[in-house]
Every structure is written in C-alpha cells, then in structure tokens.
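Below: the structure, in structure tokens.
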Amino acid sequence: MKRSLFVGIGVFLFILYSVFFNVFPLIRGKSIADNYLNDIVQENYLEASQYVKPSKNNSTTDHNFQSLKQTGVHLTRFRDVHIEADDGWMTGKATLTLTNHGSEIDYPVYIIFGGNRLNPTISHFESLDKNESLSLWLSAQ
C-alpha cells in the first residue's frame with residue numbers, strides 16, 4: 001500500500017515537473033511573441049518593448065519603428081507563430097507581412113528568446129531572406 005502511494009506521488013511529481021518546466025515556457029513564449037507582434041502591428045511600440053530583452057532602449061526602438069513607418073516600411077500582420085524548445089533554448093518561427101510602399105510581402109523569420117525558461121523575453125529576430133525592407137525592419141528591433 002505504501003509502495004503504490006510513493007509510486008503514485010512520484011508519477012504525479014514527474015508529470016507536474018514535465019508540464020511546468022517543458023510546456024509552460026512554450027505557452028508563455030507563444031503569448032509573448034503574439035503580444036509583441038500584435039503591439040507592433042497596432043503601432044504600440046512602447047507597450048511592445050516590455051516583451052523584449054531589458055537591455056534594449058525603449059525610446060530608440062520606438063523611434064526606429066516610427067522612422068521606418070515614415071519611409072513606408074511597416075509590419076502589417078503576422079501568422080504561423082510556433083514556439084519550440086531546442087536543447088533547452090526557446091526559439092520560434094513566424095511569418096511576417098511587411099508593407100513596403102503599398103506592396104505586401106511575406107517573410108519567414110526566426111524568433112530568438114533570451115531571459116530564462118520561466119520568464120522569456122524576445123532577444124531578436126533573424127531571417128535567411130536578404131530583402132532590404134526586411135533587413136531594415138529587423139535592425140529596428
């Protein structure tokens with residue numbers, strides 16, 4: 001009887017550990033990525049800055065996105081946000097739609113997270129695409 005109780009408690013603790021340290025960070029990371037990109041689409045740049053690595057200068061990021069918008073480059077929408085853990089590091093993928101002077105183009109990007117597993121922040125975005133508009137947008141981060 002005591003042995004089955006200990007086995008039951010052990011199994012419960014293992015499941016709790018698996019959910020808390022493996023599933024919860026992925027859900028939190030997806031929420032952070034969705035909220036950050038949604039704030040950028042809605043031009044709430046200062047609100048978006050709460051989801052990025054604290055070393056970033058919020059006013060500079062706000063100014064960079066404002067300047068890009070004036071030159072005709074801005075994020076119109078995003079989709080397909082997927083977050084995964086790769087060897088303990090959180091990474092993600094998304095498809096961003098950038099508008100460049102009225103022309104909308106989709107770009108696949110990688111989301112790189114910083115912080116820790118329980119409180120992730122967005123470090124930066126990367127892409128293998130070498131488009132000038134995308135490079136400008138990525139550098140505004």
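With the requirement that a residue be under 19 Å from the mean Cα position of the chain (by Cα) and part of a strand (DSSP E or B), what does the stretch 60-82 give you?
Answer for the stretch 60-82, where residues must be under 19 Å from the mean Cα position of the chain (by Cα) and part of a strand (DSSP E or B): H74, L75, T76, R77, F78, R79, D80, V81, H82.
Considering only residues of the stretch 120-134 that are of a type outside the set (F, W, Y) and either within 19 Å of D87 (Cβ to Cβ) or modelled with pLDDT of 85 or more (or both), which is surrounded by the fewest Cβ atoms within 10 Å (Cβ to Cβ)?
That would be L128.
Inside the stretch 97-124, can you point out the residues that are aromatic (F, W, Y) and either part of a helix (DSSP H, G or I) or closer than 15 Å to H74 by Cα (or both)?
Y107, the sole residue that qualifies.
Could you please find all residues in the stretch 84-98 being at pLDDT 90 or above and either touching a Gly at 6+ places or on another chain (Cβ under 8 Å) or not polar (S, T, N, Q) (or both)?
E84, G92, K93, A94, L96, L98
Hey, among A94, A85, which residue is within 20 Å of the chain's Cα centre (by Cα), closer than 14 Å to L134 by Cα and either among the aromatic types (F, W, Y) or outside any helix (DSSP H, G or I) (or both)?
One residue alone meets the criteria, A94.
Of the residues in the stretch 110-141, how many are more than 17 Å from the chain's Cα centre (by Cα) and touching a residue at least 40 places away in the same chain (Cβ under 8 Å)?
2
Restricting attention to the stretch 70-104, which residues are under 19 Å from V52 (Cβ atoms) and open to solvent by 80 Å² or more (accessible area, probe 1.4 Å)?
W89, K93
Name every residue in the stretch 97-109 that is within 22 Å of N35 (Cβ to Cβ), more than 13 Å from the chain's Cα centre (by Cα) and among the hydrophobic types (A, V, I, L, M, F, W, C), in order of residue number.
Within the stretch 97-109, L98 is the sole residue that qualifies.
For the stretch 15-59, which residues satisfy the criterion of being β-branched (V, I, T), in a helix (DSSP H, G or I) and modelled with pLDDT of 80 or more?
Correct list: I15, V23, I27, I32, I40, V41.
The values are calculated or read from the model by the stated rules, or taken from the named source; none is laboratory data. Quick caveat, the model's predicted, so the values are computed rather than measured. Positions of Cβ are generated from backbone atoms using ideal geometry, with glycine treated the same way; all protein chains shown enter the neighbour counts. To get the accessible areas, we keep the full protein, side chains included, count just its heavy atoms, and leave off ligands, DNA and RNA. Shrake-Rupley method; radii C 1.70, N 1.55, O 1.52, S 1.80 Å.
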